[in-house]
Amino acid sequence: MQDAFANEMKASDGQIYLDLYYSKRENDQARQQRCWVSLSPSKHKYLKTLFMRHRELADTIDELVPFAALFLDEHAFFIGNFHTMAGLRCDEVCLLYSLLT
């Protein structure tokens, strides 16, 4: 199966996040699994941590899904930065900012 996708471009972090969002919403387990497998081990860990420990922040990010361009720009959305945001321990500030914008 890996050979079948050898020539495909790697999906951006934003595209993977959107695919995960929609596959969860549609309860498509196979698609969710493909998304998780496409992540590096560290990004997999960061995203799991976001969903498990920072649910309010994840919900706020989910509210931005209708604005898909925010996720699809390869220079705008990086799962690899989630551990830095979580490490700042400023979820409340991030949530407040999201409510004001």
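Only the coordinates and a few stated rules stand behind these numbers; no lab work does. The structure displayed is predicted, hence computed values, not measured ones. Neighbour counts are summed over all protein chains in view; Cβ atoms, including those assigned to glycine, are modelled from backbone coordinates with ideal geometry.
One table, with the values for the structure above:
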| item | result |
| --- | --- |
| Contour excess over end-to-end distance, with Cα ends at S40 and E56 and 0.36 nm allotted per residue | 3.4 nm |
| Gain on full stretching of the segment that runs from Y21 to A76 - 0.36 nm per residue minus C-alpha separation | 18.1 nm |
| Burial ordering of V65, V37, fewest other beta-carbon atoms within 10 Å first | V37, V65 |
| Order of F67, F51 - criterion: other Cβ atoms within 10 Å of each residue's Cβ, fewest first | F67, F51 |
